[in-house]
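Below: the structure, in structure tokens.
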Amino acid sequence: MADSDDFVIGPSSIKGFINVAGIQSPGLTAAPAIATYVAKMLRGEGLALDEKTDWQAKIEGPPRFALMSAEERRAAISRDPAFGRVVCRCELVTEAEVLYAIKHGARTLDGIKFRVRAGMGRCQGGFCTSRVLDLLSSTLGVPLTELTKRGRGSELFYPRDDRIAPGDGL
């Protein structure tokens, strides 16, 4: 947090490093202007900023089976049978949607939840959590013990420790 009630935006003692700190509540709406300002500062420091020729302003979101018409659903299932396997009953999320989320960066239970709504329904993940975790584990090629709810510190499973006897309260 900054020592003042204002944004801290400016060069540091390290060439090419710009401090951008103390940006609280209005920061979201100010973000585009801040980015433009910081880019100008970096150019002034000699950094070459080349515009990407393949940049896409809009990226298609995940397919939403729940929002498709019956005809669109049939077509989706014929293209990809994973659309025919419902993972989350409450939000009508299919295996294809979960796999799409993983392909596009989801690595945690919440990552899936925020992208495709699996776990947001009435049962709060009581039905779909185990299936989502299985898909994360198998698709990423990691054991369940490496999966988390929202990142380090929110582990869902711990490796089995045979030194702990049943009934030890652990």
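The values are calculated or read from the model by the stated rules, or taken from the named source; none is laboratory data. Predicted model, so just to flag it, every value in this text is computed and none were measured. Glycine gets a Cβ as well: all are built from the backbone with ideal geometry, and neighbour counts include every protein chain shown. These area figures cover heavy atoms from the full protein model, side chains too; ligands, DNA and RNA do not enter into them. Shrake-Rupley method; radii C 1.70, N 1.55, O 1.52, S 1.80 Å.
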Practice item. Can you pull the one-decimal nm distance between simple spin-label points at Ala57 and Arg89, each 7 Å off the Cα toward Cβ? Key: 4.4
Point to revise | Cα gyration tensor shape of region 16-170, rounded if a/c is under 1.5, else prolate or oblate by comparing a/b with b/c | key: oblate
**Study point:** Positive-end residue, the chain charge dipole about Cα centroid, Cβ charges, pick of Thr53, Leu140, Gly27
**Key:** Leu140
Check your understanding: What's the carbon and sulfur percent of region 1-141's accessible surface, probe 1.4 angstrom, rounded to a whole number?
Key -> 54
Revision key, fill the gap. Between Met41 and Arg150, Cβ-based FRET efficiency (R0 35 Å, step 0.05) works out to 0.55
**Study point:** Potential extension, Ile18-Asp6 segment - 0.36 nm per residue separation minus Cα distance
**Key:** 2.7 nm
Check your understanding: Relative to the present Cα-Cα distance, how much length would full extension add between Met68 and His104 at 0.36 nm per residue of separation?
Key -> 10.9 nm
Practice item. Using the heavy atoms of the protein chains and a 1.4 angstrom probe, tell me the accessible area per residue for the chain in square angstrom. Key: 72
Point to revise | Rough spin-label spacing in nm, given labels placed 7 Å along Cα→Cβ, for Leu49 and Val142 | key: 3.3
